[in-house]
Amino acid sequence: MALIVHKYGGTSMGSTERIRNVAKRVAKWARAGHQMVVVPSAMSGETNRLLGLAKELAPPKPGDDHNRELDMLASTGEQASSALLAIALQAEGMQAVSYAGWQVQVKTDSAFTKARIESIDDERVRADLDAGKVVVVTGFQGVDEAGNITTLGRGGSDTSAVAIAAAMKAHECLIYTDVDGVYTTDPRVEPDARRLTTVSFEEMLEMASLGSKVLQIRSVEFAGKYQVPLRVLSSFTPWDIDIKEEARSGTLITFEEDENMEQAVVSGIAFNRDEAKISVLGVPDKPGIAYHILGAIADANIEVDVIIQNLSKDGRTDFSFTVHRNDYAKAVDLLRAKVLPTLGAADIVGDTKICKVSIVGIGMRSHVGVASKMFRVLSEEGINIQMISTSEIKTSVVIDEKYMELAVRALHKAFDLDQPAA
Ligand code: ADP
Ligand code: ASP
Ligand code: MG
């Protein structure tokens, strides 16, 4: 008998019929003798619907902050789906109980809309499991020190599930979703993408941070920190497939490199359309410039991603960086008000129609020429590279958004990701 955590995403919980299927699958696992904790997302579209209502009433304006209320609102999606799942489990003849984050308790900091889990009290859940119940815990939400409901950022139910698995020292955390595992790239963009049977924790961390939304990055961080065995698999297989076959399906996130692991140089391609580029033009090229510009941005709590400084000409240079699109207007306003006058720069220009495409692979550590091959492939497609950033196991480029799909597909083919692993 093992303690297992299942997480079901929005599409998997998307209708009463699907919820019934989830209940049947969970019941199968429980009847096989496992202690089951299940973490559902809101039904698909529900979080967007709720946040859309708020936007209708109060279109976002700089300086306005409804974040506490947004969390009160958005958390109801998971509360509804959790109760529905517990009811469906009971209808299957199981003993089941559902809890909201504050009831467990899943304690977080107070950063509304992007709270971080600080601790989880597992006493109540453990007592229910010991009494033979299936326990359903809402994804995506927690409670802060002052008793306010918080949410963990979009896609946060993955993190709830992994954090609960870590706190309860679960045997495994299974993330059920609408694809049957982690692919070499998003199969919606590249139909020839291939499922990976294993992916290293480091690669998964990079893929998630670079935009592959199949797992929220914080869930991967948690899995790494607490060594939670983590698998991504499909909720769309028939619920009554053989449990041993199901337990081996999908993609396993591995923590050690073993000989059986797929040894591709590049394991996957990630992309993201969430960033915008800001360029400060005609900046006097002297010490302290980067600090002057990025210090002001950091003080406003805005995260910066890719940075590039051009060669200087006649003592002046251009300085560009990317921020999240949601922070773009705030960053430009701030630079115009505070930095432009004091720095003596010529102008500030921005571009929101960019995207970042990245190749990821632990094999890049031991192979040279991988980045240059990426640049060659893009140049053969006539795609201009605006910015580059690298780390040991990834190379990212910022390009015009309209070339994103072309770039992903060309790179996928050039790095043989459509071919079965050797
Ligand atoms: P859920 O609602 O189950 O949490 P998400 O929509 O958050 O599901 O994540 C699953 C989606 O992630 C897939 O439908 C797929 O389009 C997308 N995705 C992006 N990159 C990848 C990848 N490398 N492998 C698999 N899926 C990916
Ligand atoms: N329902 C939340 C969202 O749509 C959390 C999740 O699905 O993981 O972002
Ligand atoms: Mg998700």
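The values are calculated or read from the model by the stated rules, or taken from the named source; none is laboratory data. What you see is a predicted model, and the numbers here were worked out from it, not measured in a lab. Cβ: placed from backbone, ideal geometry, glycine included. Neighbour counts: every protein chain shown.
Using the structure shown, decide if Leu230 is in contact (Cβ under 8 Å) with a residue 60 or more places away in the chain, closer than 29 Å to Leu3 by Cα and within 16 Å of ligand 3 (Cβ to nearest atom). So Leu230 passes the test.
None of Val137, Val125, Val162 is farther than 30 Å from Lys394 by Cα, within 14 Å of ligand 2 (Cβ to nearest atom), out of contact with any Lys or Arg (no Cβ under 7 Å at 6 or more places or on another chain) and at pLDDT 95 or above except Val137.
Out of Thr254, Thr237, one residue alone is more than 15 Å from ligand 3 (Cβ to nearest atom), farther than 25 Å from Lys107 by Cα, hydroxyl-bearing (Ser, Thr, Tyr) and out of contact with any strand residue (DSSP E or B) (no Cβ under 7 Å at 6 or more places or on another chain). It is Thr237.
Please list, ordered by first then second residue, the pairs with beta carbon atoms under 8 Å, 6 or more apart or interchain, first in the range 267-284 and in contact (Cβ under 8 Å) with a residue 60 or more places away in the chain and under 10 Å from Gly350 (Cβ atoms), second hydroxyl-bearing (Ser, Thr, Tyr) and surrounded by 24 or more Cβ atoms within 10 Å (Cβ to Cβ). From residues that are in contact (Cβ under 8 Å) with a residue 60 or more places away in the chain and under 10 Å from Gly350 (Cβ atoms), the pairs are Ala276/Thr322; Lys277/Thr322; Ile278/Thr322. A count restricted to the range 56-90 and to residues that are touching a residue at least 40 places away in the same chain (Cβ under 8 Å), of a type outside the set (Gly, Ala, Ser) and part of a helix (DSSP H, G or I) stands at 10. Going through Gly93, Gly52 one at a time, which residue ends up being part of a loop (DSSP other than H, G, I, E, B) and more than 16 Å from ligand 1 (Cβ to nearest atom)? Testing whether each residue is part of a loop (DSSP other than H, G, I, E, B) and more than 16 Å from ligand 1 (Cβ to nearest atom) leaves just Gly93.
Among the residues of the range 173-192, what is the count of those that are touching a Gly at 6+ places or on another chain (Cβ under 9 Å) and crowded, with 22+ Cβ neighbours inside 10 Å? The qualifying residues number 9. The set of residues in the range 13-46 that are surrounded by fewer than 23 Cβ atoms within 10 Å (Cβ to Cβ) and either assigned to a loop (DSSP other than H, G, I, E, B) or at pLDDT below 95 (or both) comprises Gly14, Ser15, Ala32, Gly33, His34, Met43, Ser44, Gly45. Does Thr76 meet the test of being farther than 24 Å from Met168 by Cα, within 16 Å of ligand 3 (Cβ to nearest atom) and of a type in the set (Val, Ile, Thr)? Spelling it out, it is not the case that Thr76 is farther than 24 Å from Met168 by Cα, within 16 Å of ligand 3 (Cβ to nearest atom) and of a type in the set (Val, Ile, Thr). Looking across the range 171-195, not a single residue is touching a strand residue (DSSP E or B) at 6+ places or on another chain (Cβ under 6 Å), more than 21 Å from Ala161 (Cβ to Cβ) and within 14 Å of ligand 3 (Cβ to nearest atom). Restricting the first member to the range 338-358 and to residues that are in contact (Cβ under 8 Å) with a residue 60 or more places away in the chain and surrounded by fewer than 17 Cβ atoms within 10 Å (Cβ to Cβ), and the second to residues that are polar (S, T, N, Q) and not in a helix (DSSP H, G or I), the beta-carbon pairs closer than 6 Å and six or more apart or on different chains are Val349/Ser279.
Of everything in the range 180-218 that is under 18 Å from Asp305 (Cα atoms) and in a helix (DSSP H, G or I), the residue that is farthest from ligand 2 (Cβ to nearest atom) is Glu206.
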